[in-house]
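Right, one structure below, let's go through it.
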Amino acid sequence: MRIYDTDISVPMFLGTAQYPSPAILQQAIRASGCEVVTVSLRRETSDGTGAGFWDMLRETGARILPNTAGCHSVQEAVTTAHMARELFATDWIKLEVIGHADTLQPDVFALVEAARILTADGFKVFPYTTDDLIVGEKLLEAGCQVLMPWGAPIGSGQGLRTPDALRAMRAHFPGVPLIVDAGIGRPSDAAQAMELGMDAILLNTAVAKAGDPAGMARAMALAIEAGRMGFAADPIDRRDMAVPSTPVLGLAELL
Amino acid sequence: MQITVNAQTHEISTETLDAALAELGFTSPAIATALNGQFVPASAREATVLTAGDRLEVLAPMQGG
């Protein structure tokens, strides 16, 4: 997968929040084999905990994708993106502009506007969006070269609520990297998304809050790889009725 | 003068942003700043003069999804 002139061989992006400990986060990153991790920006505390976290993350060697999580307006998101670019020394930004506090649904109108401002300013925007095709088109027009549709609300673990809409996105945007961001709960959800032709999965809660985060990270990585191979191998179509797989020709008459 | 730093009111005796950060104890290199909602690059902190009532945000890397 190639995103913004960067080759990414492992189609899994891992969030860094909610792990039981920094050590377990590191184990999960290693177990998943992922090359990209997401991070955030929050108010610095007097004990400087931010620097320690940043040092630990750099040790993993993973590429950093900062987010604008929690931003509800264009200005908040744009300002946060600029702060992230300086702090993390990357022009990648996972752009979230949240429209609703309960569902954490993206405000797609503000998202498109923020994406336009940021791409004009040299950012490489990864927009967290819905599965709406027209919004996807507007984001591409705004300069995005990747789309990140939700599978289900953030942290819900519901899996893919609208697989048909994701299938339509795949068909509508054949050359555009599509990353399912949010809603994955189990490895089978991740495999399903990849079988639909998604290019990668971004997940956090499903790994971080699992009983064994490193074990779940590995399971997700395997499921994602299985789903990717399954899509590439062109699965059969579903049928309503049974079709015998053993040849009927040459069947003995034994009555 | 009084300014608001990460939603807390602080009395500071310095006038520029970089001096205020030092006075407030923000010594980590891993911070980014915004003044009244606008990003202030590290290179511009020395030349950024604060006024009473300013809202300063000092952010650091944090876990995120």
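Under 5 Å between amide hydrogens, built in the peptide plane, is the criterion, and for residue A:129 it picks out A:148, A:150 among residues at least 5 positions away or on other chains.
Phi-derived couplings, Karplus 6.51 cos²θ - 1.76 cosθ + 1.60 at θ = phi - 60°, listed residue by residue for the range A:136-149: x, 4, 5, 5, 5, 4, 6, x, 5, 10, 7, 10, 10, x Hz, with x used for Gly and Pro. Look at A:8, A:24, A:184 and count the other Cβ atoms within 10 Å of each Cβ; fewest to most, that gives A:24, A:8, A:184. Bridgeable lysines around residue A:138 (alpha carbons under 19 Å apart, same-chain partners fewer than 8 residues away excluded): A:94, A:124.
For chain B, calculate the relative contact order in percent as a whole number, restricting contacts to Cα pairs under 8 Å that are 6 or more residues apart.
Details: 97 pairs, mean separation 28.2, N = 65.
Once normalised by length, the contact order is 43 percent.
Across the range A:228-245, rounded Karplus estimates of 3J(HN,Hα) from the backbone phi angles (6.51 cos²θ - 1.76 cosθ + 1.60, θ = phi - 60°) give 5, 5, x, 5, 5, 8, 6, x, 6, 7, 6, 10, 6, 10, 5, 10, x, 8 Hz, Gly and Pro being marked x.
Shielding of peptide B:25-36 by partners, expressed as the average count of other chain Cβ atoms within 10 Å per residue Cβ, is 5.
Of the residues A:92, A:150, A:54, which exhibits the maximal mean-square fluctuation in a Gaussian network model of chain A defined by a 10 Å Cα contact cut-off? Comparing A:92, A:150, A:54 in the GNM, the peak value goes to A:54.
Scaled against the 2.2 N^0.38 Å expected of a compact globular protein of N residues, the Cα radius of gyration of the protein assembly as shown reads 1.16. Put simply, the amide H of residue A:65, placed in the peptide plane, has neighbours under 5 Å in A:37, A:38, A:39, leaving out anything fewer than 5 places away on its chain. Whole-Hz Karplus values for the range A:186-193 come out as 10, x, 5, 5, 5, 5, 4, 4 Hz, taken residue by residue from phi with 6.51 cos²θ - 1.76 cosθ + 1.60 and θ = phi - 60°; glycine and proline positions read x. In chain A, Cα pairs under 8 Å separated by at least six residues give a relative contact order of 19 percent.
Taking A:206, A:51, A:190 as the candidate residues, the one with maximal mean-square fluctuation in a Gaussian network model of chain A, Cα springs under 10 Å, is A:51. Between amide H atoms placed 1.01 Å from N, distances below 5 Å from residue A:12 occur with A:35, A:201, all of them 5 or more places distant or on a separate chain. Taking Cα atoms only, the orientation of helix A:108-120 departs from the longest principal axis of chain A by about 60 degrees.
In what order do A:167, A:239, A:2 fall by count of nearby beta-carbon atoms within 10 Å, going from fewest to most? Mind showing how you got there, number by number?
Values: A:167 16, A:239 7, A:2 11.
So the residues, fewest neighbours to most, are A:239, A:2, A:167.
All of the numbers you see were taken from the coordinates with simple rules; none came from a lab. Every value quoted in this text rests on a predicted model; they were computed, and no experiment measured them. All Cβ positions, glycine included, derive from the backbone under ideal geometry; neighbour counts span all protein chains shown.
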